[in-house]
Amino acid sequence: MKTFLICVVALLCNVGASFFAARFLPSIFLDTVFTVAVTFYAGLVPGLLVAAAFNPLITFLYCRMHGTAFSVYDCLYAICGMLIVVATWFFSRNKKEFLFSRGVTVLYLLAIAFSSAFLSFFAASALDTFVRPLFGSASGFSTFDSFSAVLRQMNMGTFLSYLIPRIPMTLLDRIVCTFAGFGIYRLAVKIKER
């Protein structure tokens, strides 16, 4: 029950962080900070649950706020969040090794950020290229759609037109979310030890 409550709180905090970023920090998403923290704190399955629930929830909220039809396709971006969880868990599962020293921890966090960025922008671009046409269109809330349209007009190809604009924003977001998520995890551990 405690783990379930942690997942619910993390999910709600991700929604809040996502709305905050959309309003004040348009160059990053902040939508996985607490997903990463839960993965560090509670492991793979709780992290996957938070990641799987986030996109359907945020899509529902955005569609309600903007009066648009619910987009099932946008829910599929949960795959990206789940891949982020897998990368985070893979590098941090051995806490003894992961927390060996500050330098080692920073190296692991950078490995998590870069690998999860690669998995995330590659998966999202593959979804947009191969799955999105089956759904007709997405909700239109993506910050990448206008950039991708310009690149397609420059004959970049569909996959590259979705991939290239994602790389800098996703990489920045992954670095911020990974380190912030780790900070929240360390804070939670300290509070628990008191």
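The values are calculated or read from the model by the stated rules, or taken from the named source; none is laboratory data. In this text, all values refer to a predicted model and were calculated from it rather than measured experimentally. When we count neighbours, we look across all protein chains shown, and the Cβ atoms used for this are built from the backbone with ideal geometry, even at glycine. The accessibility values were calculated without ligands, DNA or RNA, using every heavy atom of the protein model including side chains. Shrake-Rupley method; radii C 1.70, N 1.55, O 1.52, S 1.80 Å.
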Where does the chain land at 222 nm, in deg cm²/dmol rounded to the nearest 500, when only DSSP H runs of n ≥ 4 count, each adding -39500 (n - 2.57), divided by all residues?
-26000 deg cm²/dmol
By what distance, in whole Å, do the Cα atoms of the stretch 5-81 stretch along each of the three principal axes, largest value first?
36, 27, 21
Wrap a convex hull around the Cα atoms of the stretch 116-194, take a quarter of its surface area, and give that in square nanometres.
6.5 nm²
Using alpha carbons only, how many degrees (0 to 90, rounded to 10) separate the axis of helix 2-24 from the longest principal axis of the chain?
50 degrees
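Order the peptides 178-188, 88-98 from the highest to the lowest mean number of other Cβ atoms within 10 Å of their residues.
Per-residue mean Cβ counts within 10 Å order the peptides as 178-188, 88-98.
With the radius of gyration and the Kirkwood radius both derived from the Cα set of the chain, what is their ratio Rg to Rh?
Ratio of gyration radius to Kirkwood radius: 0.99.
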How do 157-169, 37-49 rank on mean C-beta neighbours within 10 Å, highest first?
37-49, 157-169
Could you compute the FRET efficiency for V106 and L57, with r as their C-beta to C-beta distance and R0 at 35 Å, rounded to 0.05?
0.65
Give, rounded to the nearest 20 debye, the magnitude of the charge dipole that the stretch 88-156 has about its Cα centre when Lys and Arg contribute +1 at Cβ and Asp and Glu contribute -1 at Cβ.
300 debye
Can you give the FRET efficiency to the nearest 0.05 for R93 and H66, using r as the Cβ-Cβ distance and R₀ = 35 Å?
0.35
May I ask for the percentage of alpha-carbon pairs in the stretch 22-122 that lie more than 20 Å from each other?
43 percent
Nearest 10, in degrees from 0 to 90: the angle of helix 33-42 to the longest Cα principal axis of the chain is 40 degrees
Can you give me the angle between helix 78-92 and the longest principal axis of the chain, using Cα atoms only, in degrees from 0 to 90, rounded to the nearest 10?
30 degrees
Return one whole number: the accessible area per residue of the stretch 131-187 in Å², for a 1.4 Å probe.
53 Å²
So, with a 1.4 angstrom probe, what is the percent of accessible area on the stretch 81-181 that is carbon and sulfur?
73 percent
